[in-house]
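Asks: Quick one: the structure is below, questions incoming.
The values are calculated or read from the model by the stated rules, or taken from the named source; none is laboratory data. Quick caveat: nothing in here was measured; it's all calculated off a predicted structure. Cβ atoms come from the backbone with ideal geometry, glycine included; neighbour counts cover every protein chain shown.
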Amino acid sequence: MQFKKVLITIFRVAIGWHFLYEGISKLLVKNWSAAGFLSNSSGPFSAFFQWLGNSEGLMNIVDPVNIFGLILIGLGLFVGLAIRISSVSGILLLMLYYFAYPPFGGSIMGPVEGNLFIVNKNLIEALALLTLLFLNEKGYGLYSFNLFSLKKKAVQENDKEELNDNSRREALKNLATIPALGIFGWGAFRENQKYGVDTLSGATIQIGGADISELKGELPKGKIGGHELSRLVLGGNLIGGWAHARDLIYASSLFKAYNTERKIFETLILAEKAGINSINIGFPTNDTMQKYKRVTGSKIKVISQVGHDKEGRDHFQFINKAIDFGVDIIQIQGNTADILVRDGQIDAIEKMMEKIRSQGFTAGLGAHAVETHFVCKEAGLIPDYYMKTMHHDNYWSAHPMENRTSFEVMGGRKKDHNLYHDNMFCTFPDKTAEFVNNAEVPVMGFKVLAAGALKPEDGFNWAFQNGADFICVGMFDFQIVNDVNITIDVLNNLNGRNRKWYG
């Protein structure tokens, strides 16, 4: 029986420490709030949790109740006081977490680890507390002192010396969780002093991006075809794992590791809340976007880039598949257009554009090389909008002007530092600005930061100043609010733009 009692004590204390530590971790984080967790809720019960998360008044109640509820439940279980109340409260709190991101009914945004179909960590811990609730044995703890005093009164006429010995031994055992709490607490305090608040706690992960509440205003919009799009469009490269990282060969893998499906969905939800209502994606990301829209009910505009059959057998296969995915706008991919123009197959671009329009879709034409757009324009191929790399060359890794060649982005990386090495995407900025300023349809600039070489304030301003009507920017979740604010500031203070706004 003593062994069983010790095991139950360890079992109860472990769960109690988990609750207590999560609560204290939240308490120590400045301005911590569960609003993001609740606002991003998905699954059958998301409306209720999103309603809570989107109400500042309700969150002023929910946050402290959550924090101090965890702390009190944890303390109760750890020291063995009000165990039944702590168990019931813990079960209720865990089930709220469970149903905020249920591992069923279309919700795929639960914890990355331990989130299986139906069963996840929250459910398992709730079942553990349920077991503890119905066990008669509760282990050692402070709860026993009142019971012991009654026992003592009932047998006080018996052998008092033997009772006193037993009393002292039992009291020490039931008080053992107090020094254990001190040891645990001291260890956590030392860790906090050395490393800061534990960022591994699910409650405290903070990357440092601006909060949605810090938005400076509404993001301006424009039109392409019949679609109203935000002037800042979310780019798909970071989500798809395509990194233009010069010679950092691990960057693409790192992006993919960070942007799990859960993180992609969180990023998209945040982008929409910040006013970004459109995304321009590489074709392989269509499946993810279709799933996101189906699960969340999102109305985000999806611009799908499409390529061509390299064997020349069916230039329309990607267009047909994009339509099946339910995209909103179809754009001939920049790499594809560059290669076709370079190789003298401009007729393929014409056929693809005709196919897109014949299906009732807005047709975009992308390019890295400004020559692609010049050649298509001279041939009378005018899309509904252009997409063009737009950035200046005043940054360290830009190779010298005299060494630049047309279509070099498609020519592979060179080992010579003075030649192209995945480091420049708008090879001739002046020619690009000239083309854009003479374009008579909307222009969406992309790679406006030269794949991370330029600061957003600089890159955004240059693109808009030189004629871009929209800019497409790849963003991690923690960059979104900042980038929206920068876009608003740039557009409100834009000087030197000569081209009228199209769209």
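Asks: What is the one condition in (1) modelled with pLDDT under 90; (2) more than 22 Å from G366 (Cβ to Cβ) that T267 does not satisfy?
Replies: Failed condition: (1).
Asks: I would also like to ask the following. Output the helices (runs of 4 or more DSSP H) that fall wholly within the stretch 1-101 and possess 1 or more residues being without any contact (Cβ under 8 Å) to a residue 40 or more places away in the chain and touching an Asp or Glu at 6+ places or on another chain (Cβ under 7 Å), or say none. First the steps, then the outcome.
Replies: Numbers: elements: 2-28, 35-39, 46-53, 56-79, 83-100.
Correct list: 83-100.
Asks: Between a first residue in the stretch 351-380 that is farther than 14 Å from Q305 by Cβ and not assigned by TED's automatic domain parsing to the domain that holds V327 and a second residue that is assigned to a helix (DSSP H, G or I) and at pLDDT 95 or above, which pairs have beta carbons less than 9 Å apart while being 6 or more apart in sequence or on different chains?
Replies: From residues that are farther than 14 Å from Q305 by Cβ and not assigned by TED's automatic domain parsing to the domain that holds V327, there are no pairs.
Asks: List pairs: first in the stretch 231-253 and in a loop (DSSP other than H, G, I, E, B), second buried (at least 17 other Cβ atoms within 10 Å of the Cβ) and among the hydroxyl-bearing types (S, T, Y), Cβ under 8 Å, 6+ apart or cross-chain?
Replies: Correct list of pairs: R231/T487; G236/T285; G241/S252; W242/S252; A243/S252; A245/S252.
Asks: Something else: Taking the stretch 366-418 only, how many residues are basic (K, R) and in a loop (DSSP other than H, G, I, E, B)?
Replies: Going through the stretch 366-418, the residues basic (K, R) turn out to be 377, 388, 404, 413-415.
With the extra rule that they be in a loop (DSSP other than H, G, I, E, B), the set shrinks to 404, 413-415.
Final tally of qualifying residues: 4.
Asks: Of the residues in the stretch 487-500, how many are crowded, with 21+ Cβ neighbours inside 10 Å and either of a type in the set (G, A, S) or out of contact with any strand residue (DSSP E or B) (no Cβ under 8 Å at 6 or more places or on another chain) (or both)? I'd like the intermediate steps shown before the answer.
Replies: Taking the stretch 487-500 as the starting set, the residues that turn out to be crowded, with 21+ Cβ neighbours inside 10 Å are 487, 490.
So of that shortlist, the ones also either of a type in the set (G, A, S) or out of contact with any strand residue (DSSP E or B) (no Cβ under 8 Å at 6 or more places or on another chain) (or both) come out as 490.
Within the stretch 487-500, residues that are crowded, with 21+ Cβ neighbours inside 10 Å and either of a type in the set (G, A, S) or out of contact with any strand residue (DSSP E or B) (no Cβ under 8 Å at 6 or more places or on another chain) (or both) number 1.
Asks: Among the listed residues E440, E434, identify the single one that is over 24 Å from I249 (Cα atoms), in the same structural domain as R246 (by TED's automatic domain parsing), surrounded by fewer than 16 Cβ atoms within 10 Å (Cβ to Cβ) and free of Cβ contacts under 8 Å to residues at least 60 places away in the same chain.
Replies: The conditions single out E434.
Asks: Applying the selection to the stretch 282-295, what residues are within 16 Å of the chain's Cα centre (by Cα), crowded, with 20+ Cβ neighbours inside 10 Å and touching a residue at least 40 places away in the same chain (Cβ under 8 Å)?
Replies: T285 - this is the single residue of the stretch 282-295 that is within 16 Å of the chain's Cα centre (by Cα), crowded, with 20+ Cβ neighbours inside 10 Å and touching a residue at least 40 places away in the same chain (Cβ under 8 Å).
Asks: Looking at S41, is it of a type in the set (S, T, Y), closer than 21 Å to D477 by Cβ and surrounded by 20 or more Cβ atoms within 10 Å (Cβ to Cβ)?
Replies: So S41 passes the test.
Asks: So, one more: Keeping to the stretch 174-187, report how many residues are crowded, with 17+ Cβ neighbours inside 10 Å and over 14 Å from L81 (Cα atoms).
Replies: 1
One line per residue, one yes/no per condition, for (1) at pLDDT 90 or above; (2) at positive phi; (3) within 18 Å of the chain's Cα centre (by Cα); (4) of a type outside the set (V, I, T):
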{"residue": "L248", "(1), (2), (3), (4)": "no, no, no, yes"}
{"residue": "H308", "(1), (2), (3), (4)": "no, no, no, yes"}
{"residue": "Q317", "(1), (2), (3), (4)": "yes, no, no, yes"}
{"residue": "I330", "(1), (2), (3), (4)": "yes, no, no, no"}
